[in-house]
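Each remark here refers to the structure printed beneath this line.
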Amino acid sequence: MRLTKQTSYALRILIHCALCGEKHVRAGDIATEHGITEYNVAKIVPILVRGGFITTSRGRAGGLKLACKPEEISIGDVLRVTEATHVEAECVGGASPPCGIRRAAPINRMLGEALEAFISVLDKHTLADLVVSRPREPLPHDALGLRKLRVPAPANA
């Protein structure tokens, strides 16, 4: 299964917030540090707020931060709010002959079970797992001709 950029960006935003602890972070800073456009950050933040993962506050000292501890944020839950969690085989061809594949068709049941199994594995992992397992030192991006990203230090360091 291929996840969308939206999920990748959402996870980057959450990891960044987790590394900053209780400190509010600006969406523009996240965009700059992770190579995401401000438009995409602004599009994903409301999704993460609705999902209960982050809170936002306005004003000079405002920004966003995690709404709960990283250990309480399941990767499966993040996927549920950022991805389509329903799979259905589509009929090929025009609409003239009736479609033989319906929601109750065996292939759609199989696809549904596979998706549930995939998400259940992600439910066993949390944002804290991603924060702990991330590389300590940024990769040498200049060697690849890419700009170097600043990775914030963990909040508890």
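No value in this document is a laboratory result; all are computed from the given coordinates. What you see is a predicted model, and the numbers here were worked out from it, not measured in a lab. All Cβ positions, even for glycine, are placed from backbone atoms using ideal geometry, and neighbour counts span all protein chains on display.
Cβ under 12 Å from Ile15's Cβ, Ile15 left aside: what net charge do those residues give with Lys, Arg +1 and Asp, Glu -1? Don't skip to the end; give the middle numbers.
Working: positive: Arg12, Arg134; negative: Glu33, Asp129.
Once positives and negatives cancel, what remains is 0.
Return the ratio Rg/(2.2 N^0.38 Å) for segment 5-70, where Rg is computed over Cα atoms only. Provide the component values of the computation, followed by the final result.
Values: Rg = 10.5 Å, N = 66, 2.2 N^0.38 = 10.8 Å.
Taking N as the residue count of segment 5-70, the ratio is 0.97.
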Residues whose built amide H sits under 5 Å from the amide H of His125, excluding neighbours closer than 5 in sequence, are Ile75, Gly76
For Glu116 and Glu71 in one chain, what is 0.36 nm times their gap in residues minus the Cα-Cα distance, to one decimal in nm?
14.0 nm
Pulled fully out, how much extra length does the chain show between Val132 and Val87, if you take 0.36 nm times their separation in residues and subtract their Cα-Cα distance?
13.0 nm
Using a 7 Å offset from the Cα along the Cα-to-Cβ direction at both Leu3 and Ala61, what is the distance between the two label points in nm, to one decimal?
3.4 nm
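What does the highest-first list of 8-15, 70-77 look like by mean Cβ count within 10 Å? Could the numbers behind the result be given before it?
Values: 8-15: 21.2, 70-77: 18.1.
My ranking of the peptides, most packed first, is 8-15, 70-77.
By count of other Cβ within 10 Å, fewest leading, how are Leu115, Leu127 ordered? Spell out each step's value before the answer.
Numbers: Leu115 17, Leu127 24.
Lowest to highest Cβ neighbour count: Leu115, Leu127.
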Ranked list, fewest to most other Cβ atoms within 10 Å of each Cβ, for Lys124, Lys43
Lys124, Lys43
